[in-house]
Amino acid sequence: MSLSFRSRALCLVTLVVPVLMVLCLFAVEAQAGSSSEERAVLQTIQRFFNAMADRDAEAALEVMIPEGRFFSLREENGETAVRTFTNQEFAQGLETQEQDLLERFWEPEVRLRGGIATVWAPYDFFLDGEFHHCGIDAFDLLNDGTGWKITGGVYTVETSGCPESPLGPPATGIE
């Protein structure tokens, strides 16, 4: 008895997606080098992205300093537009977010000294499962004695000229 295309595809996705997720985790750890502090910094950023995807303001604030601030730069009508918001404002916006958010980063460059860290990484961003933009994330973090916290950062929003992500397309189920 042969399986339908849909059944074969579902089997493939069921087997391949978990393997790819594990490989991505190993890739993040390998990129971070051998430092447990570097891994902890990157895990903080991943927890932030997970909170975004889950629209979980409380989880986002667990890894951020509420008074911190982000800045974004984008091109609008041929001019550079700068937007800014506090970490608290960002978290509050998650509570009313209706669209599905997915942000992924790769090849992070971590700089660490004592209780401060910076992370620079390319990223891609998806809204409701559709590619929206790419750019560079630059995060600032500090260790307040309870763990690493995002104090803020700056990022670009680029809607054209985006390189293909080495992570491939986001994992999705078959409908």
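Taking the conditions (1) farther than 13 Å from G153 by Cβ; (2) crowded, with 18+ Cβ neighbours inside 10 Å; (3) aromatic (F, W, Y) in turn, F139 satisfies each one other than (1).
In region 145-158, the count of residues that are free of Cβ contacts under 8 Å to residues at least 24 places away in the same chain, assigned to a strand (DSSP E or B) and either within 19 Å of L61 (Cα to Cα) or within 13 Å of the chain's Cα centre (by Cα) (or both) is zero. Taken together, the residues in region 118-134 that are in a strand (DSSP E or B) and over 16 Å from Y155 (Cα atoms) amount to 3. For region 87-107, does any single residue satisfy the condition of being in contact with a Phe, Trp or Tyr (Cβ under 7 Å, 6 or more places away or on another chain), acidic (D, E) and surrounded by 13 or more Cβ atoms within 10 Å (Cβ to Cβ)? Yes, that holds for at least one residue. Take the residues in region 52-86 that are more than 16 Å from Y155 (Cα to Cα) and in contact with a Leu (Cβ under 7 Å, 6 or more places away or on another chain), then tell me which one is surrounded by the most Cβ atoms within 10 Å (Cβ to Cβ). Per the stated criteria, the residue is A60.
Here, each number is a calculation from the coordinates, and none is a lab measurement. Model, not experiment: these values are computed from the prediction. With ideal geometry, Cβ positions are generated from the backbone for all residues, glycine too; neighbour counts draw on all protein chains shown.
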